[in-house]
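Nothing in this text is a laboratory measurement; each read-out follows from the coordinates by a stated rule. Because the structure is a prediction, the values reported are computed rather than measured. Every residue, glycine among them, receives a Cβ derived from its backbone with ideal geometry; neighbour counts consider all protein chains shown.
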Amino acid sequence: MMTHIGILIETTADGIKPALNGVITAARGPEHKLYGLVFDGKSAAYKDELQAFGIHKIVDIQSDEGLLNWNPDCWARAMVDALDYFEIDTLFGLTSFQTKDVFPRIAALLDAPLLLDCIGVDLRTLTAEKSQFSGKTIATFKLGGTHYLFGIRPNVIDPQPSPVTAEVLSFKTKISEESLTVEAVKEDAGDAIDLAEAPIIIAGGRAMQNAGNFRILYECAQVLGAAVGASRVAVDAGWVPHSMQVGQTGTTVSPNLYIACGISGSVQHFAGMKTAQVIVAINTDPQAAMMQNCDYGIVGDLFDVIPILTRRLKSALNDK
Amino acid sequence: MNVYVCIKHVPDTAAKITIIDNNRIDEKVTFIINPYDENAIEAASGLKRHITDAEIIAVTVGKASAEATLRSALAMGADRGILIRCERNPDSLVTARAIKAAIERDGKPDIIFAGNESIDSEGFQTPFRLGVAFNFPVASNVVSFKLEDRRVTVESKMNAGEMAVIRMPLPCIVGAGKALNQPRYPTLPDIMKARKKPIQTIDLDRLNLPTAAGSIQIDKLRPAVDQRHAKIIEGPPEAAVTELIRLLKEETRVI
Ligand SMILES: Cc1cc2nc3c(=O)[nH]c(=O)nc-3n(C[C@H](O)[C@H](O)[C@H](O)COP(=O)(O)OP(=O)(O)OC[C@H]3O[C@@H](n4cnc5c(N)ncnc54)[C@H](O)[C@@H]3O)c2cc1C
Ligand SMILES: Nc1ncnc2c1ncn2[C@@H]1O[C@H](COP(=O)(O)O)[C@@H](O)[C@H]1O
């Protein structure tokens, strides 16, 4: 029997979020028909990219009045409506701010199980894996019910193309009365790339000493196409906003490359970045936990090392 | 005004987790109040400074040992506590039903505070399930909060570099993010006073909860292996950086 699977297609001004391709890869299966659910009305523009990754139907979700502006409650109700119409019983998404705001609402409305930040999903057995106790254990969960929702941790599943021919559909939902209103969307301090989705992160800790010194990390990040993160000490000191905090009480990240600069490597910090593919530590203290549990360590003063790294990366990445 | 705060009893962030029977942990470790729930209590206490008739009731679903965490909440400003006692930790579908049933028995909520996430199960969902159970609006991962004329205005992150300003009427549910406030730690007199504040205990089984359509169960638990073989790159900074870039490009191909 065909299983209909919905995937929330998250987009930004630059198009589909790059980390989404891993999510689509995780949702595929021989008996799966994949529905990409799009809210920004640009389905047609995404057709080439989505069909290359195996999406069969691309659905523009709108109301009679047009595009649905960001309202997590209204988006959740629209999704429930679309799931019902297309007989979709399984939903996938990227574990992002938007998904964390919309998927739990859908799960609650459907009284369905939801697992966010999954590192693996097996739909045949209805099990999924995710970390628990701040990354100290990996749990295999068994889900029961009629609908299932999964948020995939960004960058943990290798995106693999699998071309099909996609069809673009439109779906009109009825707007029910809003329980909450979104008054405005403001600009917020911090990076333009979501920390959790960034393929490369360079992070600074107490050793940064002040807000201004973070400039050297931003310069390096720009060359790498990386996002900048921080330890809690740097956040509590007010040098950078909380949205940049990596760790147990900050963001959990799983980039391909994590460069920890002047971060000692407390359990709480490791909790947020231990699944990075490659960890680089730059620290004056060779005994620091981060130096003991990284892939590559450089013993040295970050104020010496980072500018050299930035300069060398510039030439190394330019003559690729 | 009835202000409820959902708090969870969780293993300390630094605790060493030992797995037993393949699917649960040895609970002989230090437990703490879930860090996000401290922000929830702080926000509730903030309300009490302006609204004199506000009563803050801390609610938890947990084992008998969770009483210790309720006492912490009482020391941080809650007036009384409700312990919904159970032998095994229920999933969030059941937890939300239990909290709803217990609150409903207790009084009429005007506002319910919770945390954005519990650091043990990392569910990110209980406040939303509570919202549907009560049919109250919910905003979570909230980083600013204001109450005026029975309307709540909050800010919550929606994307990188973007923050949504959300407005909802009371009664409603607010899930606290870490950046919402700075929890104040209780003083010794606060802790002494908390010992005398009342805690009511209800057995989960006595609540006759409606059954949930879905369930989330832990099947297996295994330790995360994360010991890496650190390779220290020797030499002066210039040489070390050159070698690092070579390794990242050629050995691990991450840049
Ligand atoms: C409930 C709870 C939750 C927490 N949540 C988080 C969390 O989410 N994220 C988090 O990060 N922390 C968290 N913490 C805090 C955590 O315990 C540590 O205090 C924190 O991570 C330490 O930050 P740090 O590594 O920047 O500072 P430190 O531990 O002080 O380390 C600074 C490092 O910089 C090195 N150094 C100094 N100068 C230089 C230089 N010039 N060049 C290179 N290296 C240098 C030092 O050798 C040292 O290793 C939490 C704590 C608790 C109790
Ligand atoms: N067992 C529980 N008892 C009371 N509140 C809970 C419980 N589990 C979760 N919560 C509340 O729901 C929030 C989010 O939890 P979770 O959905 O588990 O990530 C927590 O910060 C608590 O405020």
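Sticking with the crude label model, points 7 Å out along Cα→Cβ, report the distance from residue A:87 to residue A:284 in nm, one decimal please.
Using points 7 Å along Cα→Cβ, the separation is 6.7 nm.
In whole Hz, with x marking every Gly and Pro, tabulate ³J(HN,Hα) for region B:131-145 from phi via Karplus 6.51 cos²θ - 1.76 cosθ + 1.60, θ = phi - 60°.
x, 5, 4, 8, 6, 10, x, 10, 10, 10, 6, 7, 10, 8, 9
Among A:274, B:231, what is the fewest-to-most ranking by other Cβ atoms within 10 Å?
B:231, A:274
For chain A, set up a Gaussian network in which alpha carbons nearer than 10 Å are linked by springs, and say which option among A:221, A:192, A:207 fluctuates the most.
With Cα springs under 10 Å in chain A, the top fluctuation among A:221, A:192, A:207 is at A:192.
Which of the GluC sites (Glu not before Pro) found in region B:17-121 are in a DSSP loop and have at most 15 neighbouring Cβ atoms, other than their own, within 10 Å?
Qualifying residues, ordered by number: B:27, B:87.
For B:106, A:285, what ranking results if the residue with the fewest other Cβ atoms within 10 Å of its Cβ goes first?
A:285, B:106
Any idea how far apart residue A:67 and residue A:170 come out in nm if each label point goes 7 Å out from Cα toward Cβ?
With each label point 7 Å from Cα toward Cβ, the separation is 1.4 nm.
What does the C-alpha gyration tensor say about the overall shape of region A:1-129? Classify as rounded when a/c is under 1.5, otherwise prolate if a/b is larger than b/c, or oblate.
rounded
Note down the Stokes-Einstein diffusion coefficient of chain A in µm²/s, whole number, using a Kirkwood radius over alpha carbon pairs, 20 °C, and 1.002 mPa s.
103
Could you work out the Kirkwood radius for region A:195-319, taking every pair of different alpha carbons, averaging 1/r and inverting it, reported in Å?
This gives a value of 14.0 Å.
Other chains near B:113-119: what is the mean number of their Cβ atoms within 10 Å of each residue's Cβ?
That average works out to 2.
PRE reach from residue B:230 (point 7 Å along Cα→Cβ): which of region A:258-290 fall under 14 Å by backbone N?
Under 14 Å, as judged by backbone N against the label point of residue B:230, lie A:260-267, A:270, A:279-290 of region A:258-290.
Under the definition of partner shielding as Cβ atoms of other protein chains within 10 Å of a residue Cβ, what is the mean value for peptide B:11-24?
3
Holding the Cα-Cα limit at 24 Å, pick out from A:42/A:142; B:63/B:178; B:8/B:48; A:47/A:172; B:16/B:231; B:48/B:196 the pairs that are longer than that.
With Cα atoms farther than 24 Å apart: A:42/A:142; B:63/B:178; B:16/B:231.
Determine the distance separating the Cα centre of region A:260-295 from the Cα centre of region B:41-93; give it in Å without decimals.
Result: 36 Å between the Cα centres.
Considering amide H positions built from the backbone, and no H for Pro or chain starts, which residues 5 or more places from residue A:297, or on another chain, come under 5 Å of its amide H?
A:281, B:231, B:232, B:233
With the Cα gyration tensor of the protein assembly as shown in hand, give its eigenvalues times 5 under a square root as the equivalent ellipsoid semi-axes, listed largest first in whole angstrom.
Taking √(5λ) for each Cα gyration eigenvalue gives 36, 31, 23 Å.
Give the calculated FRET efficiency between residue B:203 and residue B:148 to the nearest 0.05, with a Förster radius of 41 Å applied to their Cβ-Cβ distance.
0.55
Quick one: if the Förster radius is 35 Å, what FRET efficiency do residue A:44 and residue B:243 give, using the C-beta to C-beta distance and rounding to 0.05?
0.15
Which values of log₁₀ I(q)/I(0), to two decimal places, follow from the Debye formula for region A:105-253 at q = 0.09 Å⁻¹ with a uniform point scatterer at every Cα?
-0.46
Determine the relative contact order of chain A: mean sequence separation of Cα pairs under 8 Å and six or more apart, normalised by residue count, in whole percent.
Worked out over chain A, it gives 15 percent.
When a footprinting reagent is the concern and you count Cβ atoms within 10 Å, what order do A:219, B:238 take, fewest first?
B:238, A:219
Please give the residues of region A:44-84, grouped as numeric ranges, whose backbone N is less than 16 Å from a label point set 7 Å along the Cα-to-Cβ vector of residue A:181.
Residues A:69-74 qualify, since their backbone N sits under 16 Å from the label point.
Apply the a/c threshold of 1.5 to the C-alpha gyration tensor of region B:2-207 and tell me whether it is rounded, prolate or oblate.
rounded
Only Lys, Arg, Asp and Glu count, each charged at its Cβ (+1, +1, -1, -1), so figure out the dipole size of region A:3-173 about its Cα centre, rounded to 20 debye.
Magnitude of the dipole: close to 480 debye.
Roughly what would the spin-label model give for residue A:146 and residue A:210, points 7 Å off Cα along C-beta, in nm?
6.2
Using Cα pairs closer than 8 Å and at least 6 residues apart in sequence, work out the relative contact order for region A:3-173, in percent.
Result for region A:3-173 is 32 percent.
What is region B:128-173's relative contact order, in percent, from Cα pairs under 8 angstrom and six or more apart in sequence?
Reported relative contact order: 36 percent.
Using only the alpha-carbon atoms, what does region B:208-255 span along each of its principal axes? Please give whole angstrom values in decreasing order.
Principal extents (largest minus smallest coordinate, Cα): 69, 21, 17 Å.
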